[in-house]
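Values in this text are rule-based calculations from the coordinates and carry no lab data. All figures in this text were calculated on a predicted structure; none of them were measured in a lab. No Cβ is skipped: glycine too gets one built from the backbone with ideal geometry, and neighbour counts run over all protein chains shown.
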């Protein structure tokens, strides 16, 4: 079953190298990088980081190569029109130009004529600061990020069902202890190769693996039961498995009665999905549907894990609900080595959706339309809550409104929106319609081709910061490499722009640590509470799981965790839902969902379905 072609390597001079994390997917593999003198050419997996245990994929092994790439941008570039050639500028000229243009557009068309667009690749500190910058420096409601195109279906489903959204509500190490695992639309062997070690261990311990996918992927070839379904029928399959559980008396009735609400509504719908009907919808034999349901129901520990294959559909949220409904009905969520989880994609896909770079959100998973949430964050920021804009447009709607009658100026951080958005041709036209586009990036790309100003920024190994991996483990990225002369960090750029826009006192940050200190306070009391997390605690524990509120009830002789002298004794929360869910009544919610046919079905003229292969996230 092993698909890992490279094992941990030992560096010739590990005593001079530093521990950090791969910049790519949400697994956030620990890695050892550099020679201690600012040269990042040596790389190895970190055998002591408990998530990947020294294993990495090809992206991790080659991640250092961009740091010394000859096409790296090192000077600000400006131009009046996108048909002009760029010319180099110094930083003061570029930042003055940006501030002048943004002030002019705001004066002419209002603050909401300016927008900001972030990324699931930004650190927690930068995602937080971009959200604050949009609301206080730009005064706009219109900020969002590219995570809307990734795991947003699972995020919405988990929020509605559980009252909280964390990709995995348990550590990845729990995978090896699960008796049965159902992977729905998740080709982890290709997209998250180092995670396969945990499935290999699960198999060696006698566990069973079920995989549903339209294609016989590498992951499917490792399965004990492969359910090869018709594209777009994941929901029907989950409802069919639930129907089997109901029909055969496999529902955990005491769990459903004590810990959930809404089961009777989904019971009536599920019974319409007899396995014989589901076989016709999905192409999966009835016997296999029954076997899968029985394995999950009768196992003492079982997980249902989904990824983009099941989620990225027009009915993606409904599909997630069907999988959660199944997990809840079988009484698995919140029990040891069990539950539902989403395998998040981008490097900070989890943290990036928690702390304010979304149109409807404030730090700590607070909602911008809830007055109490607004007041809590405004207090930390030192402003009146009424200063904060209300809910703006989410990612696609934001980008689709670019132009003379909508958003006239846009600031983009860490996202190549021209190619990484749905209906890319349409988005390219919208970018060209902007009066002013600013892009912060280390390289030229399709989005900088439409920009008026390009600002060269640090790359991942050139600045520190925190990220939150797919388990909800907050980790620290360390400085390994010296940046080229002439480039600057995103935090420095936002600080200097804020000063030019008249709110410099709210952005007086000169390091990621300073941002993190305010960021922790802004999350205190929110669902995603990071207030008890410090850089020191992260280093001492190989990461800290949120929620992690601050505590001070550990006795007068307790040693401080941090240089600020305060005690943060909460250990973090590796596992969620053991005692209660995050709705006010403490219960999880069932949501009735129905299979809907795809908008376009194969026919005699167009008989082939194309299924996208997602590799090396």
Review point. Does region 261-327 come out rounded, prolate or oblate by the C-alpha gyration tensor, with a ≥ b ≥ c the root eigenvalues, rounded set by a/c under 1.5 and, if not, prolate when a/b is larger than b/c and oblate if not?
Key: rounded
Practice item. At 0.36 nm per residue, minus the direct Cα-Cα distance, what do residue 579 and residue 258 gain on full extension? Give it in nm, one decimal, please. Key: 114.5 nm
Point to revise | region 430-481 shape via C-alpha gyration tensor axes, a/c threshold 1.5 | key: prolate
Review point. If you find the alpha carbon centre of region 156-210 and of region 335-414, how far apart are they in angstrom?
Key: 27 Å
Practice item. Arrange the following residues from fewest to most other Cβ atoms within 10 Å of their Cβ: 151, 31. Key: 31, 151
Check your understanding: What order do you get for 211-217, 285-291, 378-384 when each peptide is scored by the mean count of other beta carbon atoms within 10 Å, highest first?
Key -> 211-217, 285-291, 378-384
Exercise for review: Take each of the peptides 369-377, 494-502, average the number of other beta-carbon atoms within 10 Å over its residues, and list them starting from the highest.
Suggested key: 494-502, 369-377
Revision key, fill the gap. Distance in Å, no decimals, from the C-alpha centre of region 433-480 to the one of region 499-546 is 18 Å
Study note, to complete from the structure: Check: C-alpha center region 61-97 vs C-alpha center region 568-604, spacing in Å is 43 Å
Exercise for review: Order by neighbour count: 519, 182, fewest other Cβ atoms within 10 Å first, most last.
Suggested key: 519, 182
Point to revise | Cα gyration tensor, region 375-482 - rounded (a/c under 1.5), prolate or oblate | key: oblate
Practice item. Taking the Cβ of each residue in 587, 393 as the centre, tally the other Cβ atoms inside 10 Å and list the residues starting with the fewest. Key: 587, 393
Practice item. Could you tell me which label, among (i) 33.5; (ii) 25.2; (iii) 28.3, carries the value of Kirkwood radius over Cα pairs in Å calculated for this structure? Key: (ii)
Review point. Going by average Cβ neighbours within 10 Å, how do the peptides 131-137, 66-72, 256-262, 466-472 rank, with the highest at the top?
Key: 466-472, 131-137, 256-262, 66-72
Point to revise | C-alpha long axis of helix 234-247 to longest principal axis of the chain, angle in ° | key: 40 degrees
Point to revise | Kirkwood Rh, angstrom, region 70-111 [1 / mean 1/r, Cα pairs] | key: 11.8 Å
Review point. Hull surface divided by four, with the convex hull built on the Cα atoms of region 207-351: how many nm²?
Key: 9.1 nm²
